[in-house]
Amino acid sequence: MTTEEHVVLVDRDGRALGTAPKTSVHGPETPLHLAFSSYVFDGEGRVLLTRRADHKVTWPGVWTNSCCGHPLPGEALGRAVVRRLAYELGLRSAGADLMLPGFSYRAVMANGIVEHELCPVYRVVVEGPARPNPEEVGETMWMPWKEFAEGAQNGLLALSPWCREQVPLLAELGCDPLTWEPASAAELPPAARG
């Protein structure tokens, strides 16, 4: 018997309020919940972009950062990033570097579905090719970070709303993503500290 995946509901200060089934939280009245975004880089500083699978509930078929997801209740965010990268892209990583510990956003699709997430952002450096899971990812593409960041910030790339908001913040960390200084886990919201 498969149990339904739950997400962690949080208040505006990032404190856990409880959990809810993942399938119930993405609608017109989406409550604020804990998530993560990750940006995967190779040794040359290229970023791995993904096009969301066409059957996804939120932003189907849209290009975005490498991988997003939700930690399981009680799961540390860094572990959730590694778990989802393996599942969605077949990528193995020893860990993930915290970059934007307090990122949060709310976005509304044309059909009224809302994404409302407290969504710390991570960097992951990998070796080897991605093997996309078609349940999650429609397509992948590697792009030099500088080219991607400029295109995203100048509106030249059609991207998910969270990615459009995250890229300028990441660009402020420096022009070489491989040298960005990670944030301290102590800066994470309380519910995200695992």
- prompt: In whole Å, what are the Cα extents of the stretch 2-110 along the three principal axes, biggest one first?
  reply: 41, 31, 31
statement: Computed over the chain, protein heavy atoms only, probe 1.4 angstrom, the accessible area per residue in square angstrom equals 48
statement: Rounded to 0.05, the calculated FRET efficiency for the beta carbons of A158 and D42 at R₀ = 41 Å is 0.95
message: Please compute the modelled spin-label separation between Y87 and L72, points set 7 Å along Cα→Cβ, answer in nm with one decimal.
response: 0.8
message: Please compute the contact order of the stretch 1-122 in relative form: average sequence separation of alpha-carbon pairs under 8 Å and at least six residues apart, divided by the residue count, as a percent.
response: 27
- prompt: Using a simple charge model, +1 on the beta-carbon of Lys and Arg, -1 on the beta-carbon of Asp and Glu, nothing else, what dipole does the chain show about its Cα centre, in debye to the nearest 20?
  reply: 240
- request: Only Cα pairs under 8 Å and at least 6 apart count here; give the relative contact order of the stretch 54-153 as a rounded whole percent.
  value: 24
- request: May I ask you to list the residues of the stretch 14-54 whose amide nitrogen lies under 19 Å from a point 7 Å from Cα along the Cα→beta-carbon direction of E150?
  value: 44-49
- prompt: 222 nm [θ] for the chain, helices only, -39500 (n - 2.57) per DSSP H run of 4+, per residue, to 500?
  reply: -5000 deg cm²/dmol
- prompt: Expressed as a whole number of Å, what is the distance separating the alpha-carbon centroids of the stretch 174-194 and the stretch 14-79?
  reply: 17
- request: Highest first, please rank the peptides 89-95, 145-151 by the mean number of other Cβ atoms sitting within 10 Å of their residues.
  value: 145-151, 89-95
statement: Label model pair W142, E127: point-to-point distance (7 angstrom along the Cα→beta-carbon line) in nm is 1.3
field: DSSP-loop chymotrypsin sites (Phe, Trp or Tyr not before Pro) across the stretch 11-103, with at most 14 other Cβ within 10 angstrom
entry: none
- prompt: Which parts of the stretch 21-36 would a label at L169 reach, counting a residue when its backbone N lies under 19 Å from a point 7 Å out along Cα-to-Cβ?
  reply: 31-36
Probe 1.4 Å - accessible area at R83, Å² to nearest ten: 70
query: What's the angle, to the nearest 10 degrees (0 to 90), between helix 77-89's Cα axis and the longest principal axis of the chain?
result: 70
message: If I model a spin label at R79 and A186 as a point 7 Å from the Cα along the Cα→Cβ vector, what separation in nanometres do I get?
response: 2.3
query: In the stretch 1-139, what percent of the accessible surface is made up of carbon and sulfur (1.4 Å probe, ligands and nucleic acids excluded)?
result: 51
- line: Taking Cα atoms, the helix 161-171 axis meets the longest principal axis of the chain at an angle in degrees (rounded to 10) of 50
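The values are calculated or read from the model by the stated rules, or taken from the named source; none is laboratory data. Note that the coordinates shown come from a computational prediction; the quantities given were computed from them, not determined experimentally. Backbone-built Cβ (ideal geometry, glycine too); neighbour counts: all protein chains shown. Please note that ligands, DNA and RNA were not included when accessible areas were found on the heavy atoms of the full protein model with its side chains. Shrake-Rupley method; radii C 1.70, N 1.55, O 1.52, S 1.80 Å.
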